Amino acid sequence: MQTRDVLAWRASVAGSGVMGEPAARGRFGEYGGRYVPESLAEACREVDEAFRGAWADPGFRGALTRLLAVHVGRPTPLTPAWRLSGELGVQLYLKREDLTHTGSHKINNALGQALLATRMGRRRLIAETGAGMHGVATATAAALLGLEATVFMGERDMERQSLNVFRMRLLGAEVVPVTSGSRTLKDATSEAMRHWVGTTDDSHYCVGSVVGPDPYPWMVREFQRVIGEEARVQCAAELVTGVPDHVVACVGGGSNAAGTFAGFVDTPARFVGVEAAGGAGASGGRLGVLHGFRSLFLQDDEGQIIEADSIAAGLDYPGVGPEHAHLRDLGRARYVTVTDDEVLGATARLARTEGILPALESAHALAWVIRAAGSGELPAGSTVLLTLSGRGDKDVSTLKELL
Ligand SMILES: *Cc1c(COP(=O)(O)O)cnc(C)c1O
């Protein structure tokens with residue numbers, strides 16, 4: 001993209017407020033909000049006030065930046081995917097969240113919220129987890145800052161991701177099996193919220209994505225913004241065009257995508273969020289309220305939430321963060337789906353061409369790039385920034401069964 005285009009675009013969006021603070025009562029367009037009982041509404045107000053104070057405090061920002069540097073390993077590299085780019089005919093750059101401590105972008109948010117919890121005088125973190133990555137990140141942040149951690153996890157996910165259960169316990173966290181409903185992430189989230197009601201005085205609920213009641217969607221995006229801001233600077237140094245033509249990320253709740261998009265919202269880069277075909281809240285959901293916020297959720301004709309189902313447990317959420325629903329309505333981002341088979345193909349291809357084994361979640365984003373390069377939807381020579389949200393170590397046993 002030419003500098004002149006970037007400047008023109010910037011002028012056109014200046015003051016539009018896209019990906020800024022949400023409107024009153026945590027609204028992103030018609031989505032978002034705070035649909036919780038009064039006891040939790042008060043707790044959310046406290047989190048909101050504490051976060052606003054912390055985010056405006058250079059002392060807090062500095063402490064978090066330092067922790068992200070010395071404990072997480074930030075900034076993460078921007079890796080040109082040389083061989084795969086040659087095969088696809090596009091210039092593909094990978095933002096390497098897979099290289100963070102604990103192996104996914106979840107740690108950026110968990111550490112931010114853990115630091116906020118200590119500022120609020122809380123001594124315990126509560127979290128929900130699906131694949132276990134957010135649980136591991138929360139347990140890690142808690143250990144680092146001397147907090148306790150209680151992680152709710154569906155019984156079925158505990159069986160599927162037993163290694164992460166063991167990791168969390170090694171880190172000193174209590175893992176509570178959730179036996180209700182389908183025994184997966186949706187039920188674990190409900191249970192974590194229920195548990196928070198009785199423990200708001202001493203516990204902070206550390207939500208793992210850009211979902212939940214206000215201020216979580218906004219706050220989590222701000223803690224993940226570091227991905228996009230680093231990538232923006234790295235692209236400026238690395239790309240001839242300075243800004244990529246396309247910015248692509250996988251979407252479960254949408255936190256790695258939101259953090260990445262936030263760094264490029266004032267540029268003409270096109271945003272693509274890639275969902276699992278079986279967990280496509282943004283592409284296939286309908287308006288509803290769940291877990292304290294209004295957004296797009298997979299529902300049947302009677303409005304019952306349909307269970308998400310994909311090869312990647314981290315994308316098994318039946319909804320999408322409210323800001324993504326809004327970005328879709330605005331046409332600022334578009335949301336597409338890929339199948340499990342495409343994901344398996346993309347995983348093996350990245351491993352063989354670049355020596356990088358991606359998380360199955362991240363491989364969704366790559367699967368779309370491979371398809372779009374093949375169909376010409378991504379014209380030859382396009383520059384593409386792809387956030388590799390995590391590493392594939394946790395998925396090796398799944399891959400062993402399927403490949
Ligand atoms: C949890 C997870 C995701 C999905 O979460 P988002 O909030 O949509 O980013 C994606 N990739 C990995 C590796 C994860 O652990």
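How far, in degrees from 0 to 90, does helix 185-197 lean away from the longest principal axis of the Cα atoms of the chain, to the nearest 10? Here the helix axis deviates by roughly 40 degrees.
In percent, rounded to a whole number, the relative contact order of the chain is 20, using alpha-carbon pairs under 8 Å and six or more apart. The alpha carbons of the stretch 241-311 occupy a box of 49, 26, 16 Å along the principal axes, longest dimension given first. Taking a Cβ cut-off of under 15 Å around residue 203, the surrounding Lys, Arg, Asp and Glu residues balance to a net charge of -3, with basic ones at +1 and acidic ones at -1.
The phi torsions of the stretch 268-274, fed into the Karplus equation with coefficients 6.51, -1.76 and 1.60 and a -60° offset, translate into couplings of x, 4, 8, 9, 10, x, 10 Hz, rounded to whole numbers, with Gly and Pro shown as x. Evaluated at q = 0.09, 0.12, 0.17 Å⁻¹, a Debye calculation over the C-alpha positions of the stretch 119-270 (equal weights, vacuum) places log10 I(q)/I(0) at -0.34, -0.57, -0.96. In this structure, the amide hydrogen of residue 131, modeled 1.01 Å from its nitrogen in the peptide plane, lies closer than 5 angstrom to those of 314, counting only residues at least 5 positions away or on a different chain. For the stretch 228-280, the fraction of C-alpha pairs farther apart than 13 angstrom is 57 percent. With respect to the chain, whose longest principal axis is taken over its alpha-carbon atoms, helix 133-145 is tilted by about 60°.
What is the distance in Å between the Cα centroid of the stretch 107-183 and that of the stretch 237-291? Cα centres, the stretch 107-183 to the stretch 237-291: 25 Å.
Of 253, 303, 242, which has the largest mean-square fluctuation in a 10 Å C-alpha GNM of the chain? Ranking 253, 303, 242 by mean-square fluctuation puts 303 first. Dividing the convex hull volume of the alpha-carbon atoms in the stretch 23-78 by its residue count gives 143 Å³ per residue. Principal semi-axes of the equivalent ellipsoid, √(5λ) from the alpha carbon gyration tensor of the stretch 312-357, are 28, 13, 9 Å from largest down. Summing charges over all other residues whose Cβ lies under 11 Å from the Cβ of residue 239, with Lys and Arg as +1 and Asp and Glu as -1, gives -1.
What the phi angles of the stretch 292-298 give under the Karplus curve with 6.51, -1.76 and 1.60, with θ = phi - 60°, is a coupling list of x, 9, 9, 6, 9, 10, 6 Hz, glycine and proline written as x.
Our helix-only sum for the chain, with -39,500 (n - 2.57) per DSSP H run of n ≥ 4 divided by its residues, gives a mean residue ellipticity at 222 nm of -14000 deg cm²/dmol. Using a simple spin-label model with pseudo-atoms 7 Å out from Cα toward Cβ, residue 83 and residue 169 lie 4.0 nm apart. Ellipsoid fit via the Cα gyration tensor, the chain: semi-axes of 30, 24, 21 Å, each the root of five times an eigenvalue, largest first. With the alpha-carbon atoms of the stretch 90-129 aligned to their principal axes, the span from lowest to highest coordinate is 49, 20, 15 Å, starting with the largest. Under the convention that each Lys and Arg Cβ holds +1 and each Asp and Glu Cβ holds -1, the size of the dipole of the stretch 293-403 around its Cα centre is about 620 debye. When each pair of different Cα atoms in the stretch 26-165 is counted once in the 1/r mean, what is the Kirkwood radius in angstroms, to one decimal? For the stretch 26-165, the Kirkwood estimate is 17.4 Å. Qualifying chymotrypsin sites (Phe, Trp or Tyr not before Pro) in the stretch 257-355, where qualification requires a DSSP coil assignment and no more than 12 other C-beta atoms within 10 Å, are lacking entirely. For the stretch 117-200, what D do you get in µm² per second when you plug the Kirkwood radius from alpha-carbon pairs into Stokes-Einstein at 4 °C and 1.567 mPa s? Rounded to a whole number, D works out at 104 µm²/s. Taking θ as phi - 60° and the Karplus parameters 6.51, -1.76 and 1.60, the scalar couplings of the stretch 341-351 work out to 5, 4, 5, 5, x, 5, 4, 5, 5, 5, 4 Hz in sequence order, x denoting glycine and proline. Taking K and R as +1 and D and E as -1, what net charge do the other residues with C-beta under 15 Å from the C-beta of residue 21 add up to? Charge balance near residue 21 sits at +1.
Rule-based calculations on the coordinates, nothing more; no lab input. Computed from a predicted model, the values in this text were never measured in an experiment. With ideal geometry, Cβ positions are generated from the backbone for all residues, glycine too; neighbour counts draw on all protein chains shown.
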